[in-house]
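Engineer: Below you'll find the structure I mean.
The values are calculated or read from the model by the stated rules, or taken from the named source; none is laboratory data. Not measured: the values here are computed from a predicted model. Note: ideal-geometry Cβ built from the backbone for every residue, glycine included; neighbour counts use all protein chains shown. Surface accessibility is based on the protein's heavy atoms, side chains included, excluding ligands, DNA and RNA. Shrake-Rupley method; radii C 1.70, N 1.55, O 1.52, S 1.80 Å.
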Amino acid sequence: MSVSELYPEYELIRNELRCTNCRICERQCANGVHKLDARSGRMIADEAKCVNCQRCVAYCPTRALKIVKSQNACRENHNWSCDAVKEITLQAGSGGVLLSSMGNPREYPVYWDRLLVNASQVTNPSIDPLREPMETRVFLGKKPTSIARTKDGELVTDLPPQIELKLPILFSAMSYGSVSRNVHEALARAATELGTCYNTGEGGLHESLYPYVKNTIVQVASGRFGVHKGYLNAGAAIEIKMGQGAKPGIGGHLPGTKIVGDVSKTRMIPEGSDAISPAPHHDIYSIEDLQQLVYSLKEASGYQKPIIVKVAAVHNIAAIASGIARSGADIIAIDGFRGGTGAAPTRIRDNVGIPIELALASVDARLRDEGIRNSVSLVIGGSIRSSADAVKAIALGADAVYIGTAALIALGCHLCRSCHKGACNWGIATQRPDLVDRLDPEEGAQRLVNLVTAWNREIREFLGGMGINSIEALCGNRAMLRGIGLNEAELRVLGVKHAGE
Ligand code: SF4
Ligand code: SF4
């Protein structure tokens, strides 16, 4: 008997007075939890298969279902948690590495929740964002050190390529294969309507999405799946993925079962073959090597597109970012250790990397100290949960933020953390046609537009409250933040004063 059969994590409670045996829950559940018992004529549940995605609960027409955390836990104590016991039992049975999805769920400090935002009063009055202009546009890319104009005021300085966003929020990289084509289409449509960008991730770009070129960031990862000249020119910017917050130092692995049909065609690999991205790029062992790839990509795209280098937040991130800024990259994307993923080794996800708040603050400070902050823009991600997190990130030095998990939640994700199983009941992290069809890209796009529009309204209110009227004026403006409940070292790294100071 497997450990999940011994100790199912969830208990499914069916109100027999309400249940009409309509079997909708059975049809909605791709994990095979529900079935009609022919002998008793009643619905029964195999709770060992339940991942608590809430699909059956949401679709039960009589609200007969409830899923609760099971009380049948193994005997645990302060040192040996039930999860630790289960995982050891699992590995003793399989001999394999534990796999998980979504972000690090451990109880590390969330620094966003220990930072408070300033508001103006009296001498520096607040600004009413409904009645006065408020600039939320951002330009990502290198900023020139000086600007020259003709006598008539015309610009003569050659500006480096930049991406213009109407608001400081982008959709982070999620590959076609790890999520469905419908998810990509929803992201592409929403990004276009919002005036921002979505990111292909490392799985190439489905040919039907090429028309969204102005709102697409195409990614080049170590596996180089789906990378060709047409692809490189199908986006507004090119992102080199050196690392990912959920699994720093680890490559990617999309199992062969997900490499089917258009996923295989788009990735340019045979159906059924595992898509393995090596941990390192096999042609990059130094900043000089990275520089060569940066310039190869600039060459391939006619020096018309900014190049992003994405790295995971790790201990020496400030030194790494300094090197990247000097490699010719235009934008650095930093991904914190709470960032989501379709699949990662559990131990790596939960123990490697550092919080994005600390990484961002140290990178911004280092680039300013070295006088090279203007040579790159900073985009950060790794569990931005609300407009407040975004505002705090910008005050700590980000030019814009990537949102991934929040975007998936807007699309219907219930954070069941089983993306790696490929049977997402909400039609997101799956390639099964019957499940993919559950997500309508048009409706999904609208929900994404609603979410980001709402956040942008809130960001404008934050800005007005602080008495400033542009994202640029907030970027790196740490005087707008105060820490609460933080120790000296944390305040020093964050570069903020304690509340009351
Ligand atoms: S969906 Fe609800 S009413 Fe229908 S069989 Fe399942 S529990 Fe019963
Ligand atoms: S994307 Fe799907 S499988 Fe992954 S956590 Fe969300 S609901 Fe679960």
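Engineer: In whole percent, what relative contact order does segment 397-501 give with Cα contacts below 8 Å and a gap of six or more residues?
Structural biologist: This gives 21 percent for segment 397-501.
Engineer: While we're here: Just to confirm a number: summing +1 for Lys and Arg and -1 for Asp and Glu over residues other than S208 whose beta-carbon lies under 10 angstrom from that of S208, what do you get?
Structural biologist: -2
Engineer: Return the distance in nm (one decimal) between the two label points of a simple spin-label model at D369 and A38, each offset 7 Å from Cα along Cα→Cβ.
Structural biologist: About 7.3 nm separates the two model spin labels.
Engineer: List the aspartates and glutamates whose Cα sits under 17 Å from the Cα of K497, skipping any in the same chain fewer than 8 residues away.
Structural biologist: Answer for K497, where 17 Å is the Cα cut-off: D113, E357, D364, E488, listed by chain and number.
Engineer: Could you tell me the calculated FRET efficiency between D46 and S470, based on Cβ-Cβ distance and R0 = 60 angstrom, to the nearest 0.05?
Structural biologist: That gives a FRET efficiency of 0.60.
Engineer: Another question, then. For segment 278-385, what Kirkwood radius comes out of the mean inverse Cα-Cα distance, in Å?
Structural biologist: 14.6 Å
Engineer: Identify, among A333, G323, N351, the residue whose Cα sits farthest towards the positive end of the charge dipole of segment 321-362, taking +1 on the Cβ of Lys and Arg and -1 on the Cβ of Asp and Glu, with the dipole about the Cα centre.
Structural biologist: Among A333, G323, N351, the one farthest towards the positive end of the dipole of segment 321-362 is N351.
Engineer: Multiply the residue separation of K497 and E442 by 0.36 nm, subtract the distance between their alpha-carbon atoms, and state the gained length in nm to one decimal.
Structural biologist: Using 0.36 nm per residue and subtracting the Cα-Cα distance, I get 15.3 nm.
Engineer: Also, I was wondering about something else. Work out the charge dipole of segment 1-132 with +1 on the Cβ of Lys and Arg and -1 on the Cβ of Asp and Glu about the Cα centre, then indicate which of W112, C25, A73 is farthest towards its positive end.
Structural biologist: Of the candidates, C25 comes out farthest on the positive side.
Engineer: Percent of alpha carbon pairs in the chain separated by more than 41 Å?
Structural biologist: Above the 41 Å cut-off, the chain has 23 percent of its Cα pairs.
Engineer: Enter the angle in degrees (range 0 to 90, nearest 10) between the Cα long axis of helix 387-396 and the first principal axis of the Cα atoms of the chain, meaning the one along which they spread out most.
Structural biologist: For helix 387-396, the angle is close to 40 degrees.
Engineer: Count charges around C475 for me, please; just the other residues with Cβ under 13 Å from its Cβ, Lys/Arg as +1, Asp/Glu as -1.
Structural biologist: Here the charged neighbours net out to +2.
Engineer: Per residue, how much accessible surface does segment 243-293 expose to a 1.4 Å probe? Answer in Å², no decimals.
Structural biologist: Per-residue accessible area for segment 243-293 comes out at 50 Å².
Engineer: Let me ask something else. Please work out whether segment 93-249 counts as rounded, prolate or oblate from its C-alpha gyration tensor, where a ≥ b ≥ c are the square roots of the eigenvalues and a/c under 1.5 means rounded, while otherwise a/b larger than b/c means prolate and anything else oblate?
Structural biologist: Judged from the Cα gyration tensor, segment 93-249 comes out oblate (a/c at least 1.5, b/c at or above a/b).
Engineer: Please give the charge dipole size of segment 71-200, origin at the Cα centre, charges +1 on K and R Cβ atoms and -1 on D and E Cβ atoms. Round to the nearest 20 debye.
Structural biologist: Here segment 71-200 has a charge dipole of around 140 debye.
Engineer: Rounded to a whole number, what % of the accessible area of the chain do carbon and sulfur atoms account for, probe 1.4 Å?
Structural biologist: Accessible surface attributable to carbon and sulfur in the chain totals 51 percent.
Engineer: I'd like to check one number: the per residue accessible area of segment 1-130, probe 1.4 Å, reported in Å² as a whole number.
Structural biologist: 66 Å²
Engineer: Tell me, how many Å apart are the Cα centres for segment 273-295 and for segment 209-248?
Structural biologist: The two parts, judged by their Cα centres, are 14 Å apart.
Engineer: Another question, if that's okay. Within segment 6-44, list the GluC sites (Glu not before Pro) lying in a DSSP loop whose Cβ has at most 13 other Cβ atoms in a 10 Å radius.
Structural biologist: Qualifying residues, ordered by number: E16.
Engineer: On a 0 to 90 degree scale, rounded to 10, what angle separates helix 287-300 from the longest Cα axis of the chain?
Structural biologist: Computed tilt is about 90 degrees.
Engineer: If we count trypsin sites (Lys or Arg not before Pro) as exposed when they sit in a DSSP loop and have at most 11 other beta carbons within 10 Å, what is the longest stretch of the chain that avoids them all?
Structural biologist: Excluding the exposed sites themselves, the longest stretch runs over 152-501.
Engineer: Which net charge results for the neighbourhood of A312, defined as the other residues with beta-carbon distances under 13 angstrom from its beta-carbon, given Lys and Arg at +1 and Asp and Glu at -1?
Structural biologist: Residues close to A312 contribute a combined charge of +4.
Engineer: In degrees between 0 and 90, to the nearest 10, how far off the longest principal axis of the chain does helix 82-94 point, with axes built from Cα atoms?
Structural biologist: 80 degrees
Engineer: OK, next. How much accessible area per residue does segment 371-457 have, in Å², with a 1.4 Å probe?
Structural biologist: 33 Å²
Engineer: How many percent of DSSP beta bridges within segment 238-356 run antiparallel, rounded to 5?
Structural biologist: 25 percent
Engineer: Counting pairs of alpha carbon atoms under 8 Å apart in space and at least six apart in sequence, what relative contact order in percent does segment 62-162 give?
Structural biologist: Contact order relative to length: 12 percent.
Engineer: Also, I was wondering about something else. Tell me whether segment 405-501 comes out rounded, prolate or oblate; compute the Cα gyration tensor, take square roots of the eigenvalues as a ≥ b ≥ c, and use a/c under 1.5 as the rounded threshold.
Structural biologist: Oblate.
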